[in-house]
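Down below is the structure, laid out as structure tokens.
Please treat every number below as a calculation from the coordinates, not as lab data. Note that the coordinates shown come from a computational prediction; the quantities given were computed from them, not determined experimentally. Cβ atoms come from the backbone with ideal geometry, glycine included; neighbour counts cover every protein chain shown.
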Amino acid sequence: MTTEIKVPVLPESVADASVATWHVSVGDKVSRDQNLVDIETDKVVLEVVSPEEGVITEILEDEGATVLAEQVIAKIGAADSAQADSSKSTEAAKPAETKSSGGEKVEIKVPVLPESVADATIATWHVQAGQSVSRDENLVDIETDKVVLEVVAQADGVVAEIKHEEGDTVLAEQVIGILEAGASAGAASSEAPKEEASSGSDSNDALSPSVRRMIAEKGLDASKITGTGKGGRVTKEDVDNFIKSSAKAPAQTSAPAKAAPTELGGDRTQKREPMTRLRKRIAERLLEATNSTAMLTTFNEINMKPIMDIRKQYKDVFEERHGIRLGFMSFYVKAVVEALKRFPAVNACIDGDDIVYHNYFDVSIAVSTPRGLVTPVLRDCDKMSLADIEAKIRELALKGRDGKLTVDEMTGGNFTITNGGVFGSLLSTPIINPPQSAILGMHKIQDRPVAVNGKVEILPMMYLALSYDHRIIDGKESVGYLVTVKEFLEDPTRLLLDV
């Protein structure tokens, strides 16, 4: 029986993709859920895993080929029936492997950048000039203000030249290095580098793009991380465990030391390192918001006991039914959307001299990632259930952590929710996310004495903060909106009854 390996469903607005890296060859035995191939679009890298155990009997599309959604790119057969075919295919594939090792010079180029991204920055070179590399080994990370792109070696060989160093600004398809395919380092001086390169490439081949990116962001040495996955593959859990164990040893550090500390005398030192492009973009947008809007913040507080009681009563049944935990964010989103329906100005924005009222409800959720704060968008929240919202928030949070958020997922949005309470913030004044007109800040839930019907009770209270653009939203509307959110959260039944 033959199983077809297909290109995944591509993100919306992406017409086609490229086969970036095959991690297997014809004749290789594969395990269920083993990563077979990376499919690259102009926005994301998608991993295609094996649906079952078997043998790769045929690879229909080679690396670099342009493919469409759900196109068949390989076939898997049963291990016993595919051995003969795989051996024949392997023999046929040998000339193609040796074809690339002719000592020719191959240009290392910046990938095609996502739409609306003008340039990029060289974040990290993982190799040096003169170093031997293997085909598909990650050579360099290219960082834009939205995503991180990996550039891999197109063939076995030696990095002959690095034209642009870390921190340089580069353009799409600009040549940043030269790879001499099929070459090897000098016999006398290359023994150690060869060993290092081979061990590094072996570990890199066993890593998925998301794990490689996580290791690069943390500045870790992949060869020191023990893999517990199938075939010794390093998983995200392995990286997390390595970071935790390293934190116990002060001598080891996971932060990339791009700049040596400056001596100020005695034990006083300081270190200078450049901002990432994402951090620069965050800074620009924050300044834009404070300089171009008439921003004002109004506050209120809510009693979280009703929601906490509902969550306590139904969380186990909810998780069993929907396969996702019931959190507070889904209640926040529902309350925000219902309040936006009653106060359309809060869901609007200014475009020149016009006010644009939106008849849809796309809510941005502030997510903290290793590279900085991002605001992916939940679209059409009014049509989503609590379970849908929880599942989508989890999906976006994981993508943000792994650096896999697409440009489409981070653009748009009519209103933003930020939850500083998860970090312990008791009260804050959040900054508007332009061109939006308002942002709601949620904070730490804390037991406080509250007067209820003439008596003092200890209740779990939380402060709300609504920052808004006073050019479009009046004080009466802003206070009315925040009070409406408060009423929905203090009496969640109203969300179900739409009253």
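Taking every C-alpha pair closer than 8 Å and separated by at least 6 residues, the mean separation divided by the residue count of segment 277-497 gives a relative contact order of 30 percent. Only aspartates and glutamates eight or more places from LYS271 in sequence, or on another chain, were considered; those with a Cα closer than 16 Å are GLU263. The packing ranking of peptides 149-155, 438-444, highest mean first, is 438-444, 149-155, where packing means the average number of other beta carbon atoms within 10 angstrom of each residue. Between GLU180 and LYS315, the modelled label-to-label distance comes to 6.2 nm, taking each label 7 Å out from Cα in the direction of the beta carbon.
If the limit is 23 Å between Cα atoms, which of LYS341/LYS383; LYS6/LYS236; LYS105/LYS163; LYS305/LYS476; LYS341/LYS486 go over it?
Numbers: LYS341/LYS383 13 Å; LYS6/LYS236 25 Å; LYS105/LYS163 14 Å; LYS305/LYS476 27 Å; LYS341/LYS486 15 Å.
Check vs 23 Å cut-off fails for LYS6/LYS236; LYS305/LYS476.
Computed from backbone phi, the HN-Hα couplings of segment 357-366 come to 9, 9, 9, 9, 10, 9, 10, 7, 10, 5 Hz, rounded to whole numbers (Karplus: 6.51 cos²θ - 1.76 cosθ + 1.60, θ = phi - 60°; Gly and Pro given as x). With a cut-off of 9 Å between beta carbons, the residues surrounding THR293 carry a summed charge of -1, where Lys and Arg count +1 and Asp and Glu -1. Once C-alpha pairs closer than 8 Å and six or more residues apart are averaged by separation and normalised to the residue number of segment 407-476, the relative contact order reads 30 percent.
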